[in-house]
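Report on the structure given below.
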Amino acid sequence: MTTIFDLPSVSPTARRDDLSPAIPGLEPALARRKALRVPTLAEPQIARHYTKLSRMNYGVDDGLYPLGSCTMKYNPKLHEQLVAMPEFADVHPGTPPRLAQGTLAALHRMSVLLAAIAGLPAVTLQPSAGAHGELTGMFLMKRFFETRGEKERNTIILTDSAHGTNPASAALAGFRVLELKSLSDGTVDVDALTNVLDEHTAGIMLTVPNTLGLFEPRIREVTARVHEAGGLCYFDGANLNSYIGRARPGDMGADVFHFNLHKTLSTPHGGGGPGSGPVAVAEHLEPFLPVPRIDFDGERYGLDWSPDQTIGSVHPYFGNVGVILKAFAYLLRLGDQGLAEVSAYACLHANYLQHRLKDVYKLPYDRLCKHEFVLSGEGVAEGVTTTDIAKRLIDFGFHPPTVYFPLIVHQALMIEPTETETKESLDAFADAMVAIAKEAANHPERLHEAPISTPVRRLDQTQAAREPILRHPFET
Amino acid sequence: MRYIPTSDADREAMLSAIGLSSLDELFADIPAEILDGNKPLGLPSLTEQEVAATFSQLAQRNPAARAFASFQGGGIYDHYVPAIVPYVLSRSEFATAYTPYQPEISQGTLTAMFEFQTMICELTGMEIANASLYDGATALAEAALMANRIRRRHRIAVSRALFAGVARVLQTYAWAAEIELIELPIGPDGRTVFDHLPEDLSAVLVQSPNALGIIEDLRGVKDAIGDALLVVSVHPISLAIIEPPASVGADIVVGEGQPLGLTRSFGGPLLGLFATQERYIRHMPGRIAGRTSDVDGRSGFTMTAQTREQHIRRQRATSNICTNSALCALAATVYMASLGADGLARVASASARRAHDLCDRLEQISGVSRLFPGPFFNEFTVRVPQDPSRIHRALQQGGFLIDDPSDLSRLGVENAVRIAVTEKRTDEELKRFTRVFEEA
């Protein structure tokens, strides 16, 4: 695989005088001595190199991207154009509010809209991603108990189907993590929950619908029990695409809810960010939200630094504004009607795919799902793993689903097709999955050897971990 | 049906296949009292043209971008972004891809991550770098948490001269993790004073150039802080001409990567830089790409050292971070590739030269003088004879933006303003800026 460090350098264009010492008064020992080893390239070399690299990637525009819990929906082109406008892109965050009323107005409106979607009264836009939203939520809960003199509430309960970020965020905020075993159908065991609730309970972290794509039938009972025990309910919003515009976390008993704008509200994932993870909270947590808050006096938008019970800041400025503006454009375009259609078609497509695949692959929980469902690769054929199935899907032209998650399903294949697919592409994916199941029985070597159609085939992870090469090895 | 390509006929066919007769029945598993509670937002659906018009109207209320020249800084700077950068980012294979969990179809993202890590190692002089964190502020907070994990202590000394937003984020994380932060004062030369350090520190955190613009001299600091880790927050472009922190024995180097080809976008998205030494790899937060080979012996890239991460280690992970700033890291990679070593040095030199030129001009004004004698890169602080907010306002009226002087009051510095200059500021702008400053 060629990197830019392998490309031939052209002659530097610098005039010598440009490179003379530029910092008067700098101690000579503090001036850089060793030259940077970044090659000097001409623009066509760079354009070709990165175009070539881009062809070795798979994006949403390339085809179905059924990553469960990631909501890889289409990213509208308009959004990129809007945020690239200099009026939005070329503004420093320290700009006096009166000169940036447009951005502040959009951010303020966005927080009002997100609050309404969540059914909760207040929102912070600062968190930079979903996990950052979780961490912010944990900070808010910690501060809540601190101000009430209940520091002994140090335990966060979560289920064994939770995203890995949930326990990691709770731990980072200093909470103890208590994992609750799910019922055999993957939903919360309310009796077991009731048994562990006590004076140490700070709260519960829930994903609704859960990571099996199933709506918690007793959600209101779950949240009521936690509230009765003096705890708070945190909702992970990764799966909001399944009910947006039709139901609200606030009505389910959520005290804190985080959005993933890069999932539900169509902003591109960027190969791993930037995302945006706004957090909505109930009234009793509002005083602790990060500062500055964006306020509106009916005429002008400004910054409010006053809340003295605030946790502080989780972002140096206002959050990932460029991402938030794209999500704002998406909400404006969709409106109420469009949002209700998003969740309806997301669920329709998932249920249709589930229906098409459940007789071919093991479906541990056979019922109405929401926007995603989980199959097991177990039992497809002797010696064939979920990895084999996933890798063979690549040869059929599809991005694989999320694999080996949730942990409570062996050999899990977690499939989320999203609303932005045609029936034709869903059928093509289902046909590929069926064909792979047949191959698994008759030609298992095709699965073991997959993928064969890619620039590189299966990579040696052990070698990568054992002898880490994490940067270009320059010849010395 | 804005972005939903399903035809009515296909909808009916799919409903009938799953034995339902309407879309609403897909929500039969949600308790009725929850569905009944839903309230519409009161939002009509707009056409694409109407959304674009709405944004144009909002844009008109953002005069900062077009009608003002920016001398703002504090970690976010107005550097020129070559056209190749947004072009590469606009390719949807990069922009719309997920985190590269499937390396065979993610070699584009993974190769760029490897290039990025190499460039950050080159800039900082460190042995390893991750593929990005959210921003420079959370990168510093993560460095503090990492130092605590390594040293198993909870006390950290931190220079007072951090940028305001960075300091706020650090304080928030420190409160939650029950870290005791001890503030190190600023000496008469504008540099952090490392004397009289308390015992049992897990780390010493310092920013260079610091919030007053002064380039710290960290020689000897490592010896003075015992076994505490030295964590340095940097301005990446300055490292093209300033000696990298590795040369003074830094254990962790972090920084805000925005100057490397990202627009300012009212402060986000940003790019957290994070580099350290190889011996600390198991403690490092964030994604890492590594080179390996495939079953046919061809070289390729994959994410590695994932056993540190939340999706495997859960509550024992080194960080909760998942989505980070991959596309911003790609921007920085393309930016550095397009400039090359010489270009980066020229951007750094030109920014510094113009900053010093402006500082010299301002010092000609009666009552205006540099606050500290220490050397500065592209940002400096000058004492002013009048109320600094008056200068701030006068400059605004003259078409210039500088940081709010209240950023400095936090550092105990009154009657002063901080000014940042990049290679984009013209001689004409520097002259006019000086004139407006003088007349304020």
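The values are calculated or read from the model by the stated rules, or taken from the named source; none is laboratory data. Just so we're clear, the structure is a prediction, and the values are computed from it rather than from any experiment. All Cβ positions, even for glycine, are placed from backbone atoms using ideal geometry, and neighbour counts span all protein chains on display.
Values for this structure:
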{"read-out": "Any hit, the stretch A:328-350, residues being closer than 23 Å to A:ASP90 by Cα, at pLDDT 95 or above and more than 8 Å from chain B (Cβ to nearest Cβ)", "value": "yes"}
{"read-out": "Residue under evaluation A:ASP427, criteria (1) surrounded by fewer than 19 Cβ atoms within 10 Å (Cβ to Cβ); (2) acidic (Asp, Glu); (3) within 7 Å of another protein chain (Cβ to nearest Cβ), criterion not met", "value": "(3)"}
{"read-out": "Subset of the stretch B:192-234 that is in contact with a Pro (Cβ under 6 Å, 6 or more places away or on another chain) and buried (at least 20 other Cβ atoms within 10 Å of the Cβ) - its residue that is nearest to B:THR333 (Cα to Cα)", "value": "B:VAL232"}
{"read-out": "Test result for B:VAL334, within 7 Å of chain A (Cβ to nearest Cβ), over 30 Å from A:LEU135 (Cα atoms) and buried (at least 24 other Cβ atoms within 10 Å of the Cβ)", "value": "yes"}
{"read-out": "Residue check for B:SER349: touching a residue at least 24 places away in the same chain (Cβ under 8 Å) and either within 17 Å of A:ILE469 (Cα to Cα) or assigned by TED's automatic domain parsing to the domain that holds B:VAL234 (or both)", "value": "no"}
{"read-out": "Filter pass, B:ARG393 being under 24 Å from B:GLU216 (Cβ atoms), within 14 Å of another protein chain (Cβ to nearest Cβ), among the charged types (D, E, K, R) and out of contact with any Leu (no Cβ under 8 Å at 6 or more places or on another chain)", "value": "no"}
{"read-out": "Within the stretch A:130-204, helices (runs of 4 or more DSSP H) holding 2 or more residues that are within 30 Å of A:CYS369 (Cβ to Cβ) and within 12 Å of chain B (Cβ to nearest Cβ)", "value": "A:130-147, A:165-172"}
{"read-out": "Hey, B:GLU178 farther than 25 Å from B:PHE372 by Cβ, within 14 Å of chain A (Cβ to nearest Cβ) and touching a Ser or Thr at 6+ places or on another chain (Cβ under 7 Å) or not", "value": "no"}
{"read-out": "Qualifying positions in the stretch B:278-314 - farther than 19 Å from B:ALA143 by Cα, more than 8 Å from chain A (Cβ to nearest Cβ) and not aliphatic (A, V, I, L, M)", "value": "B:GLY297"}
{"read-out": "Some residue of the stretch B:365-386 being more than 8 Å from every other protein chain (Cβ to nearest Cβ), in a helix (DSSP H, G or I) and more than 17 Å from B:SER238 (Cβ to Cβ)", "value": "no"}
{"read-out": "One residue from A:THR211, A:THR147, A:THR194 being under 21 Å from B:ARG314 (Cβ atoms) and not hydrophobic (A, V, I, L, M, F, W, C)", "value": "A:THR211"}
{"read-out": "Residue check for B:ALA141: facing chain A (nearest Cβ under 7 Å) and at negative phi", "value": "no"}
{"read-out": "Test for B:GLY37: is it touching a helix residue (DSSP H, G or I) at 6+ places or on another chain (Cβ under 8 Å) and touching a residue at least 24 places away in the same chain (Cβ under 8 Å)", "value": "no"}
{"read-out": "Test result for A:PRO217, at pLDDT 95 or above, in the same structural domain as A:GLY149 (by TED's automatic domain parsing) and not β-branched (Val, Ile, Thr)", "value": "no"}
{"read-out": "Of the criteria (1) of a type outside the set (Gly, Ala, Ser); (2) within 11 Å of chain A (Cβ to nearest Cβ); (3) crowded, with 23+ Cβ neighbours inside 10 Å, which one B:ILE156 fails", "value": "(2)"}
{"read-out": "Selection from the stretch A:386-410 of residues that are in contact with a Gly (Cβ under 7 Å, 6 or more places away or on another chain) and surrounded by fewer than 18 Cβ atoms within 10 Å (Cβ to Cβ)", "value": "A:GLY397"}
{"read-out": "Verdict on B:ARG66 being modelled with pLDDT of 95 or more and of a type in the set (Lys, Arg)", "value": "no"}
{"read-out": "Hits in the stretch A:358-385 - residues which are of a type in the set (A, V, I, L, M) and surrounded by 20 or more Cβ atoms within 10 Å (Cβ to Cβ)", "value": "A:LEU368, A:VAL374, A:LEU375, A:VAL380, A:VAL384"}
{"read-out": "Strands (runs of 3 or more DSSP E) enclosed by the stretch A:227-311 - at least 2 residues per element that are more than 30 Å from A:GLU419 (Cβ to Cβ) and in contact with a strand residue (DSSP E or B) (Cβ under 8 Å, 6 or more places away or on another chain)", "value": "A:293-296, A:301-304"}
{"read-out": "Candidate set from the stretch A:392-408 (those that are within 14 Å of A:ALA435 (Cβ to Cβ) and of a type in the set (A, V, I, L, M)); member that is farthest from the other protein chains (Cβ to nearest Cβ)", "value": "A:LEU393"}
{"read-out": "Which listed residue is of a type in the set (A, V, I, L, M, F, W, C), touching a helix residue (DSSP H, G or I) at 6+ places or on another chain (Cβ under 6 Å) and surrounded by fewer than 21 Cβ atoms within 10 Å (Cβ to Cβ), from A:MET72, A:MET85, A:MET138, A:MET110", "value": "A:MET85"}
